[in-house]
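Below: one structure, written as structure tokens.
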Amino acid sequence: MIETIPNLMPQIRDRFAHVDTCPFTGERIFFENAGGALTLKSVVDTSAKFAAIPDNQGRDNAASHALVDIIKTAKSDAADLFGVTGGQFFVGESGTELLFRVIRSAAMGAQDGGNIVGSTFEHPASRSAALHWAQHSDRPYLSVAHHNETGLVTADDYAAVVDAKTRVATILHSSPVTGMGVDVAAISAAIRAVAPECFIIVDGIQNAAHGAIDIESYDIDGYVVSPYKMFSRHGYGFAWVSDRLTALSHEQLLNGPKEAWEFGTRDTGSYATMSDVVSYLDWLGGHFSTSTDRRERLVTAGHAILAHETELTNAMIHGIGNLKGLAQIDGVEIIGGIDNPKRKGLVSFRIQGRPSSDIVTALNDRGIRTHTRKADHYSGGILNPLGWSDCVRVSVCHYNTLDEIRAFLTAMQDITA
Ligand SMILES: Cc1ncc(COP(=O)(O)O)c(C=O)c1O
């Protein structure tokens, strides 16, 4: 029988740590997934296991060989999850650090002259890196403006700004402030139509937990994620780079292998936890697909995840039964509009005349964890053009339930009564 996510919910939730209780505050509903998704219990076990192993990679002993094999397996697991056969994966300090490094490598290695293109839609991680390295590689930075009404940027917007001399371009896959996901393949095609040799780097950090990823179809050179936002844990970032980006001169150890991106001794446990994420999503996808191909099962899992999240955010916006949705509450405004087909598991809203932090506190008092986004250096790029000083961000994942949305809407009714 083909399952549904709600039917599988007890089994899904059982696989995650702290699913309904916080170790610091007790029982709570977790709608702060954009700040960090729940961690798989398998990831917790794997992390403890590898933290205790003293051996290093690259030695001629059985333990060392085992560690090298585990890293190799994790990279091949990631290739299935991210939908790519060429290029390579490597780990770094964080998603932000990897975006800086990959963008720096592209900016410093690309042919002289020309320009670097990015968008106001982006998180400061990629935008700051592109602006910094545009300046240091002596090229103008051209900015593509996003749309306030839809909380998005499109391929046409990029097409209007790129030119034949665009050497590097950056794209944000999904925004942690508006909640919308862009069409990466269309934006990349628009860039390559005029600048075929451009190095295209994508920030996939917010997007990674919210549906299938298919790097091969994007025709890009870099894709970066933060594993703690995709059911693994804190402490490292994970990047994919194309072979043509690797072929550029990039920072390496003197006389080391030219294709290497790793810096220093790797945490085998970090790689092993990516295998745990793939195993989990494969298990999930196996309930929606009879395919014998793992990639197909992973893609199916991604589609099921996004469909369930859409049901949750629709319920949050339009209500359930007698419970009013956010759109029916007086004074509520939602970033990107009410019915936005590009929404991926996240609703940011404000209530006119009420500080968002008060609403977040009132929700916290009722056991519901959300987050205030302020017009600061993280979210100002989205909030300032709207003239908003702040918003409440409610971010879900596929392990959240309609009952939790009911509890949220009941709390909102109370808070706004
Ligand atoms: C889209 C996006 N980019 C970059 C970051 C920064 O990620 P990290 O703090 O893991 O480096 C985040 C964090 O939430 C994000 O959502």
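Each reported figure results from applying straightforward, stated rules to the coordinates on display, with no laboratory input. The structure displayed is predicted, hence computed values, not measured ones. Using ideal geometry, Cβ is built from the backbone for each residue, glycine included, and neighbour counts are taken over all protein chains shown.
Where in segment 1-89 are there chymotrypsin sites (Phe, Trp or Tyr not before Pro) that are in a DSSP coil and have at most 10 other Cβ atoms within 10 angstrom of their Cβ?
When the chymotrypsin sites (Phe, Trp or Tyr not before Pro) of segment 1-89 are filtered for loop state and at most 10 Cβ neighbours within 10 Å, Phe24 remain.
Cβ neighbours within 10 Å, averaged per peptide: list 140-146, 191-197 in order, most packed at the top.
Result, highest mean first: 140-146, 191-197.
Rounded to whole Hz and in sequence order, give me ³J(HN,Hα) for segment 228-243 from the Karplus expression 6.51 cos²θ - 1.76 cosθ + 1.60, θ = phi - 60°, writing x for Gly and Pro.
5, 9, 9, 6, 9, 9, 6, x, 7, x, 9, 10, 10, 10, 6, 5
Using Cα pairs closer than 8 Å and at least 6 residues apart in sequence, work out the relative contact order for the chain, in percent.
21
Chymotrypsin sites (Phe, Trp or Tyr not before Pro) within segment 321-400: which are DSSP loop residues with at most 15 other Cβ atoms inside 10 Å?
Sites meeting the loop and neighbour criteria: Tyr378.
Could you please rank His173, His65, placing first whichever residue has the fewest other Cβ atoms within 10 Å of its Cβ?
By the 10 Å Cβ count, ascending: His65, His173.
Need one number: % antiparallel among DSSP beta bridges in the chain, to the nearest 5.
60
Please list 3J(HN,Hα) in residue order for segment 209-225, calculated via the Karplus relation 6.51 cos²θ - 1.76 cosθ + 1.60 where θ = phi - 60°; whole Hz, with x for glycine and proline.
8, 10, x, 5, 10, 9, 3, 4, 6, 7, 6, 10, 10, x, 9, 10, 10
Check which residues have an amide H placed less than 5 Å from Val144's amide H, if you skip close sequence neighbours.
For Val144, whose amide H was placed from the backbone, the distant partners under 5 Å are Gly118, Ser119, Thr120.
So between Lys75 and Gln352, what do we pick up on full extension, going 0.36 nm a residue minus the alpha carbon distance?
95.0 nm
Return the sequence-ordered ³J(HN,Hα) values of segment 295-312 in whole Hz as given by the Karplus equation 6.51 cos²θ - 1.76 cosθ + 1.60 applied to θ = phi - 60°, using x for Gly and Pro.
For segment 295-312, the Karplus curve yields 4, 4, 5, 5, 5, 4, 4, x, 5, 5, 4, 5, 5, 5, 4, 5, 4, 5 Hz.
Roughly how far apart, in whole Å, are the Cα centres of segment 124-191 and segment 42-81?
36
For segment 370-417 and segment 257-274, compute the distance between their C-alpha centroids and round to whole Å.
36
Fewest to most neighbouring Cβ within 10 Å: what's the order for Val225, Val161, Val91?
Going from least to most buried by this count: Val161, Val91, Val225.
Taking the mean number of other Cβ atoms within 10 Å as a proxy for protection, how do you rank 245-255, 38-48, 68-78 from highest to lowest?
Result, highest mean Cβ count within 10 Å first: 38-48, 68-78, 245-255.
Net charge near Gly35: determine it from the other residues with C-beta under 13 Å of the C-beta of Gly35, scoring Lys and Arg +1 and Asp and Glu -1.
Local charge sum for Gly35: +3.
Would you list which lysines come within 26 Å of Lys258, measuring only between C-alpha atoms, while excluding same-chain residues fewer than 8 positions from it?
The reachable lysines, counting only those whose Cα sits under 26 Å from Lys258, are Lys72, Lys75.
Under the classification rounded if a/c is under 1.5, otherwise prolate if a/b is larger than b/c and oblate if not, where does the chain fall, given a ≥ b ≥ c as square roots of the Cα gyration tensor eigenvalues?
oblate
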